[in-house]
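This report concerns only the one structure given below.
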Amino acid sequence: MTAAQEFEKVLDKSDATVASFDQHRTPLERAQHFLHGNPAAVPLIVLVLSVSVFGAILGAKFFFALPLILQQVAISAIIGAAQTLVILTAGIDLSVGAIMVLSSVVMGQFTFRYGLPAPVSILCGFGCGALCGWLNGALIARMKLPPFIVTLGTWQIILAGNFLYSANETIRSQDIAEQAPLLQLFHGNAIIAAMFLLVFLLWHVLNHTAWGRHVYAIGDDPDAAELSGVRVKRVLVQVYVLSGVICALAGWVLIGRLGSVSPTSGQLANIESITAVVIGGISLFGGRGSILGMIFGALIVGVFQLGLRMIGTDPQWTYLLIGVLIIAAVAIDQWIRKVAA
Amino acid sequence: MQPILTARGLVKRYGRVTALDHADFDLYPGEILAVIGDNGAGKSSLIKAICGAITPDEGEITLEGRVLKFRTPMEARIAGIETVYQNLALSPALSITDNMFLGREIRKAGPLGRWLRMLDRPAMAKVARDKLSELGLMTIQNIGQAVETLSGGQRQGVAVARAAAFGSKVVIMDEPTAALGVKESRRVLELILDVKRRGLPIVLISHNMPHVFEVADRVHIHRLGRRLAVIDPKKFSMSDAVAMMTGAMKPPEATAH
Amino acid sequence: MKSTLRSMLLGAGLLGIASAAPALGGEVGACLITKTDTNPFFVKMKEGATAKAAELGVTLKAYAGKIDGDNESQVAAMESCIADGAKGILLVPSDSKAIVDAVKKARDAGILVIALDTPLDPIDAADSTFATDNFKAGELIGAWAKAQLGDASKDAKIAYLDLNPSQPTVDVLRDQGFMTGFGIDVKDANKIGDEDDARNVCHDVTNGNEEGGRAAMENCLTREPAINVVYTINEPAAAGAFEALKAAGREKDVLVVSVDGGCPGVKNVAAGIIGATSQQYPLLMAAMGIEAIKKFADTGEKPKLTEGKNFFDTGAALVTDKPAAGVESIDTKAGTEKCWG
């Protein structure tokens, strides 16, 4: 012990258990700590509950429809994966849907307008997604502009570019099937496989690589991350580029799902992806949450949509309930954060 | 004995304000050097220049006789200067291990590390555990728990352990006790002495005179953007130091170099 | 260049006549306000209006909402047109009730307002309405589907893929028209979904695009796998529905009917994806609208209504390659010549 100050002498007599933990917790506090360590648990519980409730009401018919739900949520889950990366850095990307549609249009039009082979067009589509993402990332990381404003702008720009370039021409499913079937690679179960593979890959990257840890650290506290040696700007640009590439993948999957290349699709994809992310328990303030939560969030939306439709309620009830879920998810996020105090 | 870290004639201007006015600085091996000064005296600019957070307009910094120019904190860290920032620079939601290794993670050997770029969690956890134990911080039971679940003193402990684990030449601590209670401050002072015993020189920036006079070997008094004097805390009282710091007393001619 | 010059001279000549009439001065200005400027239907409409305006020497300004349902932009456009001193406004209302006040302001300012494609509510809020008879369009495909099925029509299982939950007029008219043509009691002809005929097994909404069409068809198939007739609000929804049917292996034995007559839609009829579609003529609507404005500006005469209807019918034709007895139709070759988009 160092020579203490005069007034500190009494400390020797005081309770020595400063740094240890208070092990007596109420069940509620224990739940809070569990959820803090397992951010995907809440959406998982909600998902299991909602599947059970709809299953009880609708019977076997509902369970047969589960693969269908997976197909229906695949696009918003893939876009949601891109959104997850961005939101983990405490950003937001409003342009995801626009990037998806523009990439799918590039894949389609490059094949049909310029006669490029399908694999080349698909690569161009991915390039287009990466370029859009790079634009977002450069403006946000290098120019220090707020992500909301930047992507609000690029959303409009990319969407307008999409309509100007495509002249709103739909490429028919049958033409694609005849001339470039590779564009329709993702259909049926391949869509589901693409979604799960992507989410698993990103889960690995986020949790088991240095880059993934850096993404979390940036969202948590960018200044602390910078001082700890994370190259914040570079990682941020990489996050937005990767987000753009994932959106391009979503564009490819979208062609498979719709059969056709339709420049008017995906108008609400940004909102749907943010919804999945938020219901999935990922904090909009960055640095917290699991990508698995996002996929549960997307599935919850899908289960509610199809379940309520099968019961035969007015579709507006779905939106109402999803609104309630969003607010509940954010409230739970705030509560879990208090564990730190 | 040669100083391990020196600065000569550092100048830093922000517009018309001169934060550093030809400031000098010397740190000797194995010592605890306290840096004190009134608010606005430019002591934080001095420290930022040394740890790479700002680049001085003029002057040079030498580490073990070699002239270095830091453009980022990362470059200073690579050179062996670790800093414990006042805000600690920890990511609250990440675990203790992840925080300690942020920016210098250990990857698994073999294809898992090379191709999947997988982190070697067990190896990192072991190092983290060892470092915390060395500093007597193993009241932290779970190395995987998030930093935000720790108390203020424990967080400080993690930040100090990180600096001590990777700082090969110099550790800088900026106001390590400012946000802590009486008991936690005491533990952190012990930590500082632990680090010193392991042979690392420490630069301690603090407003807390009792703490400074308790642990420092020498006290660097900064005033009006430059070094006013370096005094031996055993020969001067706290009120002398405060008087010099505020300009109420002239510094002694021969300073404790 | 030459033709531009000629039309300018022609326009100048007409202007000379116009300015000679004391009550009317200056050039004839007209506005075209559409729901969006991305939907090919409105693109074609603008094309028709622009061509006719150039021919008649009318100065045309085009406005559009940002998305379908964007009333604010349309109100702003109406105000701009009034301020601009336009003689007439062609309006495709996004919200047929909400725009009525703005329309009244324009008419009070002495401007001729013609609703195109979608009637206002009430319909006489505009000076006239140039539209497809949507009820008739629905009736045509309903009658055709009934004739194709023959006796089996008594046991048909019909899915209705409508537009959106707010049931806009066009949605109701086509849907109820189809039922009338098929011989189903519509109960309240202003409401979708109040029927009790057992053949109606599913109603769902599509937002009129491929994405919505596919999801709605999937939802209906989970509720009733034995569906064999699908009514769709338009051809993009039909294309989406076909993808869902294909995924379920039902594309060969389900009859899909639609309304619109866009070129991709007609192609889909030729390919057998859509059984029959009712074709409408947006170009004609717009061209006739410009003519009416010109006439009003020159003589003060307002357009007349089609006999027995409270609007001016611009016609609809059934396009199919499998003509049915008792239902007048044109083949896809003739349909392709007249198609839009």
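The values are calculated or read from the model by the stated rules, or taken from the named source; none is laboratory data. The structure displayed is predicted, hence computed values, not measured ones. As a convention, Cβ positions derive from the backbone with ideal geometry for all residues, glycine included, and neighbour counts pool all protein chains shown.
Could you figure out which of (1) at pLDDT below 90; (2) over 23 Å from B:GLN86 (Cβ atoms); (3) of a type in the set (S, T, N, Q); (4) under 16 Å from the mean Cα position of the chain (by Cα) isn't true of B:SER44?
Against the list (1) at pLDDT below 90; (2) over 23 Å from B:GLN86 (Cβ atoms); (3) of a type in the set (S, T, N, Q); (4) under 16 Å from the mean Cα position of the chain (by Cα), B:SER44 comes up short only on (2).
Would you confirm, using the coordinates I've provided, whether B:ARG77 is among the basic types (Lys, Arg) and within 14 Å of another protein chain (Cβ to nearest Cβ)? Steps first, please.
Numbers: among the basic types (Lys, Arg): yes; within 14 Å of another protein chain (Cβ to nearest Cβ): yes.
Spelling it out, B:ARG77 is indeed among the basic types (Lys, Arg) and within 14 Å of another protein chain (Cβ to nearest Cβ).
Within the bounds of segment C:24-43, is there any residue that is at pLDDT 90 or above and more than 21 Å from C:PRO93 (Cβ to Cβ)?
Checking segment C:24-43: not a single residue is at pLDDT 90 or above and more than 21 Å from C:PRO93 (Cβ to Cβ).
Can you tell me which residue is nearest to the other protein chains (Cβ to nearest Cβ) among those in segment B:49-69 that are crowded, with 23+ Cβ neighbours inside 10 Å and part of a loop (DSSP other than H, G, I, E, B)?
B:GLY52
Hey, any hits in segment A:196-210 for a residue that's surrounded by fewer than 19 Cβ atoms within 10 Å (Cβ to Cβ), among the polar types (S, T, N, Q) and within 11 Å of chain B (Cβ to nearest Cβ)?
Yes: segment A:196-210 contains one or more residues that are surrounded by fewer than 19 Cβ atoms within 10 Å (Cβ to Cβ), among the polar types (S, T, N, Q) and within 11 Å of chain B (Cβ to nearest Cβ).
Quick one: in segment C:225-266, which of the residues that are crowded, with 22+ Cβ neighbours inside 10 Å and at positive phi is farthest from the other protein chains (Cβ to nearest Cβ)?
That would be C:GLY261.
Let me spell it out: the conditions are (1) among the aliphatic types (A, V, I, L, M); (2) under 20 Å from A:TRP211 (Cα atoms); (3) under 17 Å from the mean Cα position of the chain (by Cα); (4) in a helix (DSSP H, G or I), and A:ILE282 meets all of them except one. Which number is the exception?
All conditions pass for A:ILE282, except number (4).
Exactly one condition in (1) surrounded by fewer than 23 Cβ atoms within 10 Å (Cβ to Cβ); (2) in a helix (DSSP H, G or I) is not met by A:ILE218; state its number.
Result: A:ILE218 passes all but (1).
With the condition being crowded, with 23+ Cβ neighbours inside 10 Å and at pLDDT 95 or above, I'd like the helices (runs of 4 or more DSSP H) fully within segment A:54-117 carrying at least 1 qualifying residues.
So the answer is A:66-88, A:96-112.
Buried (at least 16 other Cβ atoms within 10 Å of the Cβ), at pLDDT 60 or above, more than 9 Å from chain B (Cβ to nearest Cβ) and in contact with a Lys or Arg (Cβ under 9 Å, 6 or more places away or on another chain), is that true of A:GLN32?
Working: buried (at least 16 other Cβ atoms within 10 Å of the Cβ): yes; at pLDDT 60 or above: yes; more than 9 Å from chain B (Cβ to nearest Cβ): yes; in contact with a Lys or Arg (Cβ under 9 Å, 6 or more places away or on another chain): yes.
Yes, satisfied.
For segment C:183-204, state whether one or more residues are surrounded by 23 or more Cβ atoms within 10 Å (Cβ to Cβ) and farther than 21 Å from C:LEU255 by Cβ.
No, segment C:183-204 has no match at all.
Taking C:GLY212 as the residue in question, decide whether it is within 14 Å of chain A (Cβ to nearest Cβ), crowded, with 22+ Cβ neighbours inside 10 Å, in a loop (DSSP other than H, G, I, E, B) and at pLDDT below 95. Lay out the reasoning, then the answer.
Working: within 14 Å of chain A (Cβ to nearest Cβ): yes; crowded, with 22+ Cβ neighbours inside 10 Å: yes; in a loop (DSSP other than H, G, I, E, B): no; at pLDDT below 95: yes.
Taking the combined requirement at face value, the residue does not satisfy it.
Just checking, how many residues over segment A:211-222 are of a type outside the set (A, V, I, L, M, F, W, C), within 7 Å of chain B (Cβ to nearest Cβ) and over 14 Å from A:SER290 (Cβ atoms)? Before the answer, list the steps.
The first filter runs over segment A:211-222 and keeps only residues of a type outside the set (A, V, I, L, M, F, W, C), leaving A:212-214, A:216, A:219-222.
Applying the additional criterion that residues be within 7 Å of chain B (Cβ to nearest Cβ) yields A:213, A:216, A:220-221.
Imposing the further condition that a residue be over 14 Å from A:SER290 (Cβ atoms) reduces the set to A:220-221.
Within segment A:211-222, residues that are of a type outside the set (A, V, I, L, M, F, W, C), within 7 Å of chain B (Cβ to nearest Cβ) and over 14 Å from A:SER290 (Cβ atoms) number 2.
Would it be correct to say that C:ILE233 is in the same structural domain as C:LEU56 (by TED's automatic domain parsing) and at pLDDT 90 or above?
Numbers: in the same structural domain as C:LEU56 (by TED's automatic domain parsing): no; at pLDDT 90 or above: yes.
Criteria not met by C:ILE233.
Mind counting the residues in segment C:163-208 that are more than 13 Å from chain A (Cβ to nearest Cβ) and among the hydroxyl-bearing types (Ser, Thr, Tyr)?
2
Search segment C:105-123 for residues being closer than 22 Å to C:PRO168 by Cα and either at pLDDT below 90 or out of contact with any helix residue (DSSP H, G or I) (no Cβ under 7 Å at 6 or more places or on another chain) (or both), and hand back the single one that is surrounded by the most Cβ atoms within 10 Å (Cβ to Cβ). Talk me through it step by step, then tell me what you get.
Step one: list which residues in segment C:105-123 are closer than 22 Å to C:PRO168 by Cα, which gives C:113-123.
In the following step, the residues that additionally are either at pLDDT below 90 or out of contact with any helix residue (DSSP H, G or I) (no Cβ under 7 Å at 6 or more places or on another chain) (or both) were identified as C:115, C:117-123.
Numbers: C:ALA115: 27, C:ASP117: 24, C:THR118: 21, C:PRO119: 22, C:LEU120: 20, C:ASP121: 16, C:PRO122: 11, C:ILE123: 17.
Of everything passing the filter in segment C:105-123, C:ALA115 is surrounded by the most Cβ atoms within 10 Å (Cβ to Cβ).
Looking at B:LEU33 and the list (1) touching a residue at least 60 places away in the same chain (Cβ under 8 Å); (2) outside any strand (DSSP E or B); (3) touching an Asp or Glu at 6+ places or on another chain (Cβ under 9 Å), which single condition is not satisfied?
(2)
For residues that are closer than 21 Å to C:LYS294 by Cα and either aliphatic (A, V, I, L, M) or within 24 Å of the chain's Cα centre (by Cα) (or both), tally how many sit in segment C:88-109. First the steps, then the outcome.
Taking segment C:88-109 first, the residues closer than 21 Å to C:LYS294 by Cα are C:88-92, C:103-109.
Going one step further and asking which of them are either aliphatic (A, V, I, L, M) or within 24 Å of the chain's Cα centre (by Cα) (or both), we end up with C:88-92, C:103-104, C:106-107, C:109.
Qualifying residue count for the region: 10.
Can you find even one residue in segment B:149-158 that is aliphatic (A, V, I, L, M) and either closer than 28 Å to B:GLU31 by Cβ or in contact with a strand residue (DSSP E or B) (Cβ under 8 Å, 6 or more places away or on another chain) (or both)?
Filtering segment B:149-158 for residues aliphatic (A, V, I, L, M) gives B:150, B:158.
Remaining after also requiring either closer than 28 Å to B:GLU31 by Cβ or in contact with a strand residue (DSSP E or B) (Cβ under 8 Å, 6 or more places away or on another chain) (or both): B:158.
The answer is yes, given that some residue of segment B:149-158 is aliphatic (A, V, I, L, M) and either closer than 28 Å to B:GLU31 by Cβ or in contact with a strand residue (DSSP E or B) (Cβ under 8 Å, 6 or more places away or on another chain) (or both).
When you scan segment C:20-114 for helices (runs of 4 or more DSSP H) that lie fully inside it, which ones turn up with 1 or more residues that are in contact (Cβ under 8 Å) with a residue 60 or more places away in the chain?
On the way: elements: C:40-56, C:71-84, C:100-108.
Filter on segment C:20-114 gives C:40-56.
Kindly check whether there is at least one residue in segment C:267-274 that is surrounded by 22 or more Cβ atoms within 10 Å (Cβ to Cβ), facing chain A (nearest Cβ under 9 Å) and under 29 Å from C:ILE330 (Cα atoms). It would help to see each step written out before you state the result.
Within segment C:267-274, the first condition is being surrounded by 22 or more Cβ atoms within 10 Å (Cβ to Cβ), and the residues that meet it are C:268-269, C:273-274.
Okay, now just the ones that are also facing chain A (nearest Cβ under 9 Å), so C:268, C:273.
Then drop every residue that is not under 29 Å from C:ILE330 (Cα atoms), which leaves C:268, C:273.
Within segment C:267-274, one or more residues are surrounded by 22 or more Cβ atoms within 10 Å (Cβ to Cβ), facing chain A (nearest Cβ under 9 Å) and under 29 Å from C:ILE330 (Cα atoms).
Could you tell me whether segment A:98-116 includes any residue that is of a type in the set (Val, Ile, Thr), closer than 22 Å to A:ALA298 by Cβ and over 16 Å from the mean Cα position of the chain (by Cα)?
From segment A:98-116, those of a type in the set (Val, Ile, Thr) are A:99, A:101, A:105-106, A:111; that's our starting set.
Subset that is closer than 22 Å to A:ALA298 by Cβ: A:99, A:101.
Checking which are over 16 Å from the mean Cα position of the chain (by Cα) leaves us with A:101.
Yes, because at least one residue in segment A:98-116 is of a type in the set (Val, Ile, Thr), closer than 22 Å to A:ALA298 by Cβ and over 16 Å from the mean Cα position of the chain (by Cα).
Take segment C:153-197 and flag every residue that is at pLDDT 90 or above and at positive phi.
Those that are at pLDDT 90 or above and at positive phi: C:GLY183, C:LYS187.
Quick one: which residue in B:ALA89, B:ALA128, B:ALA109 is buried (at least 19 other Cβ atoms within 10 Å of the Cβ), free of Cβ contacts under 8 Å to residues at least 40 places away in the same chain and not acidic (Asp, Glu)?
That would be B:ALA128, the only listed residue that is buried (at least 19 other Cβ atoms within 10 Å of the Cβ), free of Cβ contacts under 8 Å to residues at least 40 places away in the same chain and not acidic (Asp, Glu).
Identify, from the list A:ASP223, A:ASP175, the residue that is out of contact with any helix residue (DSSP H, G or I) (no Cβ under 8 Å at 6 or more places or on another chain) and not hydroxyl-bearing (Ser, Thr, Tyr). Before the answer, list the steps.
Numbers: A:ASP175 fails: out of contact with any helix residue (DSSP H, G or I) (no Cβ under 8 Å at 6 or more places or on another chain).
From the options A:ASP223, A:ASP175, the qualifying one is A:ASP223.
What number of residues in segment C:92-108 are farther than 24 Å from C:LYS44 by Cα and in contact with a Leu (Cβ under 7 Å, 6 or more places away or on another chain)?
So in segment C:92-108, the residues farther than 24 Å from C:LYS44 by Cα come out as C:97-98, C:100-102, C:104-108.
Narrowing further to those that are in contact with a Leu (Cβ under 7 Å, 6 or more places away or on another chain): C:100.
Qualifying residue count for the region: 1.
Of all the residues that make up segment C:221-280, how many are outside any loop (DSSP other than H, G, I, E, B) and within 23 Å of the chain's Cα centre (by Cα)? Give the derivation first.
So the first thing to find is which residues in segment C:221-280 are outside any loop (DSSP other than H, G, I, E, B), and the list is C:221-223, C:229-232, C:235-247, C:255-260, C:262-270, C:276-280.
In the following step, the residues that additionally are within 23 Å of the chain's Cα centre (by Cα) were identified as C:229-232, C:235-242, C:255-260, C:262-270, C:276-280.
Summing the residues that are outside any loop (DSSP other than H, G, I, E, B) and within 23 Å of the chain's Cα centre (by Cα) in segment C:221-280 gives 32.
Could you tell me which residue of segment A:282-330 is farthest from the other protein chains (Cβ to nearest Cβ), considering only residues that are of a type in the set (S, T, N, Q) and either touching a residue at least 40 places away in the same chain (Cβ under 8 Å) or within 27 Å of A:PRO146 (Cα to Cα) (or both)? Write out each step before concluding.
First pass over segment A:282-330, keeping only residues of a type in the set (S, T, N, Q): A:283, A:290, A:305, A:313, A:316, A:318.
Add one more test, that the residue is either touching a residue at least 40 places away in the same chain (Cβ under 8 Å) or within 27 Å of A:PRO146 (Cα to Cα) (or both), and what stays is A:283, A:290, A:305.
Numbers: A:SER283: 9, A:SER290: 11, A:GLN305: 8 Å.
Ranking the qualifying residues of segment A:282-330, first place goes to A:SER290.
Can you name the residue in segment B:92-106 that is under 19 Å from the mean Cα position of the chain (by Cα) and at the interface with chain A (Cβ under 7 Å from one of its Cβ atoms) and is also surrounded by the fewest Cβ atoms within 10 Å (Cβ to Cβ) among such residues? Talk me through it step by step, then tell me what you get.
Going residue by residue through segment B:92-106, those that are under 19 Å from the mean Cα position of the chain (by Cα) are B:99-104.
Of the ones still in play, those that are also at the interface with chain A (Cβ under 7 Å from one of its Cβ atoms) are B:102-104.
Numbers: B:LEU102: 24, B:GLY103: 19, B:ARG104: 16.
The selected residue is B:ARG104.
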